[in-house]
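Colleague: Please see the structure below; I have some questions.
The values are calculated or read from the model by the stated rules, or taken from the named source; none is laboratory data. Predicted model only: the values in this text are computed from it and were never measured. Cβ: placed from backbone, ideal geometry, glycine included. Neighbour counts: every protein chain shown.
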Amino acid sequence: MKKLAIVLSGDLRLDFAIANVIIGLKRYNEDLIDTIYVYSDMPQERREQITSLWADRIVFVDFAYEDFARDFAISTGGEIPKLIAENKRFGHYIYAKFYCFDYLSDYENVLWLDADTLCLNSLTPILCGEALSFKWHNGQTSQIRAYLRATSAGGGGFSRKSA
């Protein structure tokens with residue numbers, strides 16, 4: 001089984017941030033990371049530029065707003081909240097974190113990182129659970145609960161494994 005998959009997402013506005021995350025990951029975790037999945041609708045030229053940072057580890061997965069809207073409707077049966085409407089500050093890209101579940105059977109660990117994460121050291125303490133405390137606090141719990149209900153009831157949930 002592979003060690004670790006990283007999942008990131010963002011659009012052309014976040015290309016520099018995604019590149020910075022990848023640079024830090026490569027610098028401090030080259031022996032730990034097997035694959036970095038980037039969910040995006042960036043143009044091919046920009047994808048190639050980012051992929052050149054770590055060519056054998058980066059996989060882009062198409063993730064346009066239309067893909068998200070379809071998957072969201074299938075998973076929750078609900079309407080997309082205005083807070084995450086297309087072209088908002090966070091938009092649909094924050095929901096790419098749900099695709100982490102697609103990779104759990106292929107990797108020992110799957111880690112979602114926001115596109116603005118600065119990687120300044122090894123990820124090993126995070127993976128070992130050393131002195132970590134996480135809290136969900138941005139108010140989007142109703143969508144998460146709906147997603148979890150849909151997936152636990154056999155509703156499928158999000159699933160967009162890359163080709």
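Colleague: Please find, among SER40, SER52, the residue that is hydroxyl-bearing (Ser, Thr, Tyr) and touching a strand residue (DSSP E or B) at 6+ places or on another chain (Cβ under 7 Å). Full working, then the answer.
Modeller: Values: SER52 fails: touching a strand residue (DSSP E or B) at 6+ places or on another chain (Cβ under 7 Å).
The unique qualifying residue is SER40.
Colleague: List the pairs whose first member sits in the range 92-108 and is over 19 Å from GLU66 (Cα atoms), whose second member is hydroxyl-bearing (Ser, Thr, Tyr) and part of a helix (DSSP H, G or I), and whose Cβ atoms are under 8 Å apart, counting only residues at least 6 apart or on separate chains?
Modeller: Close Cβ pairs (under 8 Å, with a partner that is hydroxyl-bearing (Ser, Thr, Tyr) and part of a helix (DSSP H, G or I)) amount to PHE101/THR151.
Colleague: Here's a follow-up. Here are the criteria: (1) assigned to a loop (DSSP other than H, G, I, E, B); (2) of a type outside the set (A, V, I, L, M, F, W, C); (3) out of contact with any Leu (no Cβ under 9 Å at 6 or more places or on another chain). Tell me which single one ASP116 does not satisfy.
Modeller: With respect to (1) assigned to a loop (DSSP other than H, G, I, E, B); (2) of a type outside the set (A, V, I, L, M, F, W, C); (3) out of contact with any Leu (no Cβ under 9 Å at 6 or more places or on another chain), ASP116 is out only on (3).
Colleague: Confirm whether PHE72 is surrounded by 15 or more Cβ atoms within 10 Å (Cβ to Cβ), under 19 Å from LEU113 (Cα atoms) and not β-branched (Val, Ile, Thr). Step through it out loud before you land on a result.
Modeller: Numbers: surrounded by 15 or more Cβ atoms within 10 Å (Cβ to Cβ): yes; under 19 Å from LEU113 (Cα atoms): no; not β-branched (Val, Ile, Thr): yes.
No.
Colleague: Additional query: Check LEU4, LEU14, LEU53 and return the single one that is in contact (Cβ under 8 Å) with a residue 12 or more places away in the chain and over 17 Å from the mean Cα position of the chain (by Cα). So that I can check it myself, show each step before the final result.
Modeller: Numbers: LEU4 fails: over 17 Å from the mean Cα position of the chain (by Cα); LEU14 fails: over 17 Å from the mean Cα position of the chain (by Cα).
That would be LEU53, the only listed residue that is in contact (Cβ under 8 Å) with a residue 12 or more places away in the chain and over 17 Å from the mean Cα position of the chain (by Cα).
Colleague: What's the total number of residues in the range 42-69 that are surrounded by 13 or more Cβ atoms within 10 Å (Cβ to Cβ), modelled with pLDDT of 95 or more and assigned to a loop (DSSP other than H, G, I, E, B)?
Modeller: Looking only at that region, the number is 4.
Colleague: Any chance you could count how many residues in the range 70-94 are touching a helix residue (DSSP H, G or I) at 6+ places or on another chain (Cβ under 6 Å) and modelled with pLDDT of 80 or more?
Modeller: Summing the residues that are touching a helix residue (DSSP H, G or I) at 6+ places or on another chain (Cβ under 6 Å) and modelled with pLDDT of 80 or more in the range 70-94 gives 3.
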